[in-house]
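**Student:** My questions will all concern the structure given below.
The values are calculated or read from the model by the stated rules, or taken from the named source; none is laboratory data. What you see is a predicted model; the values in this text were computed from it and never measured. Counting neighbours? That spans all protein chains shown, and the Cβs are built from the backbone with ideal geometry, glycine included. Side chains included, ligands, DNA and RNA excluded: accessible areas come from the protein's heavy atoms. Shrake-Rupley method; radii C 1.70, N 1.55, O 1.52, S 1.80 Å.
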Protein chains: 2
Amino acid sequence: MIVVTYRIETPGSIEAMAEKIASDQSTGTFVPVPGETPELKARVAARVLDIRPLADAECPSWPEAADDQRPLCRADVDIGFPLEAIGTDLSALMTIAVGGIFSIRGFTGLRIVDLKLPEAFRGAYPGPQFGMPGSRRLTGVEGRPIIGTIVKPALGLRPHETAELVGELISSGVDFIKDDEKLMSPAYSPLKERVAAIMPKILDHEQKTGKKVMYAFGISHTDPDEMMRNHDLVAEAGGNCAVININSIGMGGVAFLRKRSRLVLHAHRNGWDVLTRHPGIGFDFRVWQQFWRLLGVDQFQINGIGVKYWEPDDSFVSSFEAVTTPLFDKSDCALPVAGSGQWGGQAPETYRRTGRTTDLLYLCGGGIVSHPQGPAAGVRAVTQAWEAAVADIPLETYAKDHPELAASLKKFGGSKES
Amino acid sequence: MIVVTYRIETPGSIEAMAEKIASDQSTGTFVPVPGETPELKARVAARVLDIRPLADAECPSWPEAADDQRPLCRADVDIGFPLEAIGTDLSALMTIAVGGIFSIRGFTGLRIVDLKLPEAFRGAYPGPQFGMPGSRRLTGVEGRPIIGTIVKPALGLRPHETAELVGELISSGVDFIKDDEKLMSPAYSPLKERVAAIMPKILDHEQKTGKKVMYAFGISHTDPDEMMRNHDLVAEAGGNCAVININSIGMGGVAFLRKRSRLVLHAHRNGWDVLTRHPGIGFDFRVWQQFWRLLGVDQFQINGIGVKYWEPDDSFVSSFEAVTTPLFDKSDCALPVAGSGQWGGQAPETYRRTGRTTDLLYLCGGGIVSHPQGPAAGVRAVTQAWEAAVADIPLETYAKDHPELAASLKKFGGSKES
């Protein structure tokens, strides 16, 4: 049985609305029909398993309730869907247990807060090909976070300009570099030319130092065939990683790519916020991320502590827990990628609040490239910040004999965002 | 230039937040970086073109504003993205102009209300293969709406049970029959067996009467390769239509399918509501539907008048206008599909409010199969309702010498939903 937990909000009856989800999302229509027999219902109908009341809402999440429609009752409702009714196809699961619910009248809020998949889903999808262990193996980084950066400005550089910056970043000692997620293959920077300009620098550095920087190229394309051609360009040039915009290409795009992929798939979730930002509507990340992990993303961007975006720190912390908690076994976990406004200053809190682990990719854009002493100092500052975090030494103390960290603290430490 | 209109809501400065969208979604990051030169900005940076103030919001759409953060200013803001910065890839457009915006801090609401694509998009995508003209040609229906029905119960029937019902529906004279969107290929009704059970009835009826009922089989699958196998099963058995759950399979799934498809693609948008139901958040349908029409869906479900769902009639009317308004020329229009709780009673208002056209697929589930005199009478009742609507005759008057319509009015006419 597939169990979905819905957080419902309604001026009506919680019980009736829970039953309505179960009925609408399986056998029912707006009038009784011949053929909807008790035997059929017993076999495929969804069932309300549990209702756990919550405090009433003060404001309707969807502004559809009249002022006198109070109270707005809330509850967490578990609904079980027989596996036979859905199977293990994720698009069927999305359509049946998720898709239709948001259209149902009578709710003023509806959010999916949990999803428990049965054993039948174990092995039904490829899952991550590389994940955390593969990312560590390919970058050669152990015992500390993989430290990454993003080529900035996000858009507008021509391939030779990007490659020049990448050359500097490579010499900075960084482990991982990525295209901004907004960069795919525009006319001014076709992927083919960007790969041709960048990969020789990566390979040359590897020849000289033995260290292969992981570069994530933006290969997303609406057309999966084109995306595979992009994938092949990267793989054939010796690259080992790709940024994919999972919401934009959709489950079909990701499934198609993963079946054929030789690259580490770095998932950017842009667009996700509209599905989660209102706390009474949409999805919790812990639900939504399960789809993409089963499909097989290796690295999952989940913001970080003190980000420049709307997302609160608590939400990042629970996302981190989500992607690192096995669905079936630990091979289905994704490597968490903390990013946005990161510069090292958030290392202690990130470390403290995520189970004192260094198994993450810590991504600093401006925090590295805008370090006052240049990107190499930026990388050293971030590494120092993590050393301090792991050793439980305050950054200010550690900075006393680590000048790069001291410079970061001075430049970026004024506020979380600055 | 690609022009996107954002309806923004913020306790801060409208001008500053508009500039923030333009900067974040093109060249910017959280600190100035080397390389973000004036020349580069001029070439690829997004620009605020126009700001049209709206009345303040009373309640924040996202509950992120403190009580003293008032007023909550609102405006429609046009932002232009240079075509060179994005190109014509829809996943790039989605990522750059849409994806990231919902993460920006400082908004309490953000909705994309318009999208104007430049000429470069003309011909960049296949668009509908069949659309309205192809749907008319294949069903042989002219001068009135194509009348369709849905096999109910939605889930649980085995192939021979479905086929038995379909046999009845075929003899009812209906033009179009579809699987419920929730039915794809579950263990109890594998698509292959369903096709094998149903198609002979369709073809036999065609042999006998010359009328080929269009049957839309649920072919959606997470894996585009599997979906193509489903497509081929239908096409090789002589079928000509498929239901696809566009949100679940994503743009990649639809693009992959459309390139190879020989079937009419009937788009179900389940999941869409979460993106549009809150008026201050997400998308207007007129924006979102452009993506799927360019990708090439032929028929687009858009609810109807007096539906059982939350969606108000006005929203349906503007969706109808959206899918029937050319983006570049009329071949890129989709056939609007009015459905949900329809039984004929909504024909006059549907006709009156959608430009007095009969170019639509009018989909009645329970409204046909639960007609007190059976589905054939249900189809006749719906046809009669449309005759009355076109002739401007009140349904009650027309029902006097049309007993099937009279029976529908008696059974379903008590309220819009009954």
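**Student:** Can you say whether A:LEU169 is over 26 Å from B:ASP223 (Cα atoms), open to solvent by less than 30 Å² (accessible area, probe 1.4 Å), within 26 Å of the chain's Cα centre (by Cα) and assigned by TED's automatic domain parsing to the domain that holds A:GLN384, as far as the supplied structure shows?
**Tutor:** The answer is yes for A:LEU169.
**Student:** Do you know which residues across segment B:272-287 are away from chain A (no Cβ under 11 Å) and either within 19 Å of B:ILE244 (Cβ to Cβ) or among the aromatic types (Phe, Trp, Tyr) (or both)?
**Tutor:** B:PHE285
**Student:** Against the conditions (1) open to solvent by 20 Å² or more (accessible area, probe 1.4 Å); (2) over 31 Å from the mean Cα position of the chain (by Cα), where does B:PRO63 fall short? Just the number, please.
**Tutor:** Checking B:PRO63 against (1) open to solvent by 20 Å² or more (accessible area, probe 1.4 Å); (2) over 31 Å from the mean Cα position of the chain (by Cα), the one that fails is (2).
**Student:** Ok, one more. Give the residues of segment A:32-59 that are part of a loop (DSSP other than H, G, I, E, B) and touching a residue at least 24 places away in the same chain (Cβ under 8 Å), sorted by residue number.
**Tutor:** Scanning segment A:32-59 gives A:ALA45, A:ALA46.
**Student:** Give me the pairs: first residue in segment A:228-245 and touching a residue at least 40 places away in the same chain (Cβ under 8 Å) and within 19 Å of A:HIS268 (Cβ to Cβ), second residue part of a loop (DSSP other than H, G, I, E, B) and among the charged types (D, E, K, R), beta-carbon distance under 7 Å, and six or more apart or on different chains, which are they?
**Tutor:** These pairs meet every condition: A:VAL243/A:ASP179; A:VAL243/A:GLU181; A:ASN245/A:GLU181.
**Student:** Further question: So A:TRP62 clears everything in (1) over 30 Å from A:TYR125 (Cα atoms); (2) facing chain B (nearest Cβ under 7 Å); (3) in a helix (DSSP H, G or I) except one condition, right? Which one?
**Tutor:** (3)
**Student:** Based on what the data block shows, is A:LEU110 within 14 Å of another protein chain (Cβ to nearest Cβ) and part of a helix (DSSP H, G or I)?
**Tutor:** No, not satisfied.
**Student:** Okay, moving on. Does at least one position in segment B:355-377 carry a residue that is under 30 Å from B:LEU90 (Cβ atoms), within 14 Å of chain A (Cβ to nearest Cβ) and in a loop (DSSP other than H, G, I, E, B)?
**Tutor:** no
**Student:** I'd like the full set of residues that are open to solvent by 30 Å² or more (accessible area, probe 1.4 Å), under 14 Å from A:THR350 (Cβ atoms) and touching a residue at least 24 places away in the same chain (Cβ under 8 Å), limited to segment A:314-335.
**Tutor:** At the first step, the residues of segment A:314-335 found to be open to solvent by 30 Å² or more (accessible area, probe 1.4 Å) are A:314-315, A:318, A:321, A:324-331.
When the remaining residues are screened for being under 14 Å from A:THR350 (Cβ atoms), the result is A:314-315, A:318, A:321, A:324.
Correct list: A:SER315, A:SER318, A:GLU321, A:THR324.
**Student:** Any idea which of (1) farther than 28 Å from A:PHE121 by Cβ; (2) more than 9 Å from chain B (Cβ to nearest Cβ); (3) in contact with a Ser or Thr (Cβ under 8 Å, 6 or more places away or on another chain); (4) touching a residue at least 60 places away in the same chain (Cβ under 8 Å) is the one A:GLY12 doesn't satisfy?
**Tutor:** Exception for A:GLY12: condition (3).
**Student:** Applying the selection to segment B:72-107, what residues are among the aliphatic types (A, V, I, L, M), in a strand (DSSP E or B) and either away from every other protein chain (no Cβ under 14 Å) or closer than 14 Å to B:ALA46 by Cα (or both)? Write out each step before concluding.
**Tutor:** Going residue by residue through segment B:72-107, those that are among the aliphatic types (A, V, I, L, M) are B:72, B:75, B:77, B:79, B:83, B:85-86, B:90, B:92-94, B:96-98, B:101, B:104.
The next check asks that each one be in a strand (DSSP E or B); those that pass are B:72, B:75, B:77, B:79, B:104.
Residues satisfying the conditions are B:ALA75, B:VAL77, B:ILE79.
**Student:** Among the candidates A:ALA242, A:ALA255, A:ALA267, single out the residue that is buried (at least 22 other Cβ atoms within 10 Å of the Cβ) and either modelled with pLDDT under 95 or facing chain B (nearest Cβ under 7 Å) (or both).
**Tutor:** A:ALA255
**Student:** Residues A:THR209, A:THR222: which one is hydroxyl-bearing (Ser, Thr, Tyr), open to solvent by 10 Å² or more (accessible area, probe 1.4 Å) and either out of contact with any Pro (no Cβ under 9 Å at 6 or more places or on another chain) or under 26 Å from B:GLY250 (Cβ atoms) (or both)?
**Tutor:** On inspection, the qualifying residue turns out to be A:THR209.
**Student:** Which residue pairs have Cβ atoms under 7 Å apart, sit 6 or more places apart or on different chains, and have a first residue in segment A:142-167 that is closer than 20 Å to B:ILE96 by Cβ and a second that is basic (Lys, Arg) and open to solvent by less than 10 Å² (accessible area, probe 1.4 Å)?
**Tutor:** Close Cβ pairs (under 7 Å, with a partner that is basic (Lys, Arg) and open to solvent by less than 10 Å² (accessible area, probe 1.4 Å)) amount to A:ILE150/A:LYS178; A:PRO159/A:ARG194; A:THR162/A:ARG194.
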